[in-house]
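Engineer: The structure follows.
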Amino acid sequence: MLYLSTRGDPSRKHFCEILLEGLAPDGGLYLPAHYPQVDEATLSKWRAIYQDQGYAALAFEVLSLYIDDIPPADLKALCDKTYTEAVFGTKDIVPLKELEDHFYLEALSNGPTLAFKDMAMQLLGNLFEYELARRGEQLNILGATSGDTGSAAEYAMRGKKGVRVFMTSPHGRMSPFQQAQMFSLMDDNIHNIAIEGVFDDCQDIVKAVSNDLDFKRKYRIGTVNSINWARLLAQVVYYFAGYFQATRTNSETVSFTVPSGNFGNICAGHVARMMGLPVQKLVAATNENDVLDEFFRTGIYRVRSSADTHETSSPSMDISKASNFERFVFDLLGRDGARVKALFGEALSQNGRFDLSADPLFKDAATRYGFVSGKSTHADRLATIRDTWQRFALMIDTHTADGVKVAREHLTPGVPMIVLETALPIKFAETIVEALGCEPDRPLRFEGIEALPKRVQVMPADADAIKRLIVENCG
């Protein structure tokens, strides 16, 4: 399996090369040269493997189709090491909960940091350590987080040999619990940087540093954001796991609703669907920052400025420039790298928008690729949290509430709808208290976390300043 850039760079690379690289040299994102096709026989085989051997065995089957430069025995060992009851709190790893007939939540937040990012980040940490040891190299990970990626990355990478983490986050824009999870880590290889701006400023810094190829190579800069293909690939697995739990035969179809900010989580669903998973709809649920919903409704992709990015009660989706969206547009436009480069490398930087509304291919977003969308507001969030608590005695977080609200707008009779749960309610306690009048449960290991000492640097939104910080800590 070889990988190519969404912006047309002619080189083709193997998995372990792009694992450590992040962005392609031309600023594009990596995708496989083709999506392996999963036929009826393979689906049946995987269903049996999942039922008999569990999630780690299914992960090995899926990943093996995309990774051929790690020996199978080693890859299997990495999957077995990652997806354990000890790490994820349940042998089922991603259990499905049926709220009502054909309406499910898939629990993705049982990992160390109580968010779905753990599903991929725990594997990524093990992959990094394995490949760096094999090469005898070190890696400086530069990341951006709107809340959950940062803590998931840091908990996965803390103490890992050969890895340093420099994690940027928007100053004052995360929940107190999210800040405490990250900033209370005192490991020498973890560096937290609060950027004076919004998440998109953090993401722009990561891209700017990654696009300085000389600096990137000299200081071995890698990424853990979902621009890293390995992270997105790991997320593909739980779409198959959700499907096998919600169905009895491979003749059935399902739909997935995914709270969407940076388009990584739902892009993994797109990959699973392209492989042949029987998915009817992929529903993107946004909050007030509705860039993605606007595109799927109108064909216009219009990024917002920092000043126009709303601060909401589902803060991990306070994003107005969805990095992974480029991967989908690449497929939507027939994998035309030159056109994608013109849209994302030129039109967005010059005009802050592009318009595909008149392009016949835009209609394929729904008809060929299954994408539909919807929007949820703070008032919707509160109402959905209350309704889910009153009807099902189940407390859900704010982002999952966005998903549940939008999912109900896209139901098809007889087709299971699976909403991807993205975090535990304790991460957004203030809004839960507003909705329900009571504090959400807190795992014992996180008691008093907000009161712990914190280690974080506040810095301006300046890529050169971040470069200097990296150099100072690599001596």
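The values are calculated or read from the model by the stated rules, or taken from the named source; none is laboratory data. Since the model is a prediction, treat every value here as computed from it, not as a measurement. Note that we place each Cβ from the backbone using ideal geometry, even for glycine, and neighbour counts take in every protein chain shown.
Engineer: May I ask you to say which residue of L444, L394, L382, L452 is under 26 Å from Q245 (Cβ atoms) and of a type in the set (A, V, I, L, M, F, W, C)? It would help to see each step written out before you state the result.
Structural biologist: Working: L444 fails: under 26 Å from Q245 (Cβ atoms); L382 fails: under 26 Å from Q245 (Cβ atoms); L452 fails: under 26 Å from Q245 (Cβ atoms).
Only one candidate passes the filter, namely L394.
Engineer: Taking only the range 50-71 into account, find how many residues are farther than 17 Å from A272 by Cα, assigned to a helix (DSSP H, G or I) and without any contact (Cβ under 8 Å) to a residue 12 or more places away in the chain.
Structural biologist: Residues flagged as farther than 17 Å from A272 by Cα, assigned to a helix (DSSP H, G or I) and without any contact (Cβ under 8 Å) to a residue 12 or more places away in the chain within the range 50-71 amount to 2.
Engineer: Scan the range 397-440 for residues that are touching a helix residue (DSSP H, G or I) at 6+ places or on another chain (Cβ under 6 Å), among the charged types (D, E, K, R) and modelled with pLDDT of 95 or more and jot them down.
Structural biologist: Answer for the range 397-440, where residues must be touching a helix residue (DSSP H, G or I) at 6+ places or on another chain (Cβ under 6 Å), among the charged types (D, E, K, R) and modelled with pLDDT of 95 or more: D397, K405, E421.
Engineer: Looking only at helices (runs of 4 or more DSSP H) that fall completely inside the range 189-248, which ones have 2 or more residues that are of a type outside the set (A, V, I, L, M, F, W, C) and in contact with a Ser or Thr (Cβ under 8 Å, 6 or more places away or on another chain)? Full working, then the answer.
Structural biologist: Numbers: elements: 199-211, 213-218, 229-246.
The qualifying helices (runs of 4 or more DSSP H) are 199-211.
Engineer: How many of the residues in the range 366-411 are surrounded by fewer than 22 Cβ atoms within 10 Å (Cβ to Cβ) and either more than 26 Å from V329 (Cβ to Cβ) or small (G, A, S) (or both)?
Structural biologist: Qualifying residue count for the region: 20.
Engineer: Considering only residues of the range 44-55 that are surrounded by fewer than 19 Cβ atoms within 10 Å (Cβ to Cβ) and of a type in the set (A, V, I, L, M, F, W, C), which is nearest to C79 (Cα to Cα)?
Structural biologist: I49
Engineer: Return the residues of the range 280-321 that are of a type in the set (G, A, S), surrounded by 24 or more Cβ atoms within 10 Å (Cβ to Cβ) and in contact with a Leu (Cβ under 6 Å, 6 or more places away or on another chain); say none if nothing qualifies.
Structural biologist: A284, the sole residue that qualifies.
Engineer: Go through (1) charged (D, E, K, R); (2) over 30 Å from S175 (Cβ atoms); (3) surrounded by 15 or more Cβ atoms within 10 Å (Cβ to Cβ) one by one and return the number of the condition K117 breaks.
Structural biologist: (2)
Engineer: Report, by residue number, each residue of the range 428-463 that is surrounded by 12 or more Cβ atoms within 10 Å (Cβ to Cβ), more than 30 Å from I385 (Cβ to Cβ) and out of contact with any strand residue (DSSP E or B) (no Cβ under 7 Å at 6 or more places or on another chain).
Structural biologist: D462, A463
Engineer: Hey, could you check the range 359-387 for residues that are charged (D, E, K, R) and touching a residue at least 12 places away in the same chain (Cβ under 8 Å) and say which is nearest to E288 (Cα to Cα)?
Structural biologist: K375
Engineer: Mind listing just one residue for me: the one in the range 243-279 that is surrounded by 20 or more Cβ atoms within 10 Å (Cβ to Cβ) and among the β-branched types (V, I, T) and, of those, farthest from A230 (Cα to Cα)?
Structural biologist: V254
Engineer: Would you say D26 is loosely packed, with under 15 Cβ neighbours inside 10 Å and in contact with a helix residue (DSSP H, G or I) (Cβ under 8 Å, 6 or more places away or on another chain)?
Structural biologist: No.
Engineer: If you don't mind, another one. Give just the number: which of (1) over 24 Å from the mean Cα position of the chain (by Cα); (2) closer than 30 Å to G28 by Cβ; (3) assigned to a helix (DSSP H, G or I) does F328 not satisfy?
Structural biologist: Only one criterion is unmet by F328, namely (1).
Engineer: OK, next. Kindly indicate whether A338 is surrounded by fewer than 23 Cβ atoms within 10 Å (Cβ to Cβ), over 19 Å from the mean Cα position of the chain (by Cα) and within 30 Å of R442 (Cβ to Cβ).
Structural biologist: No.
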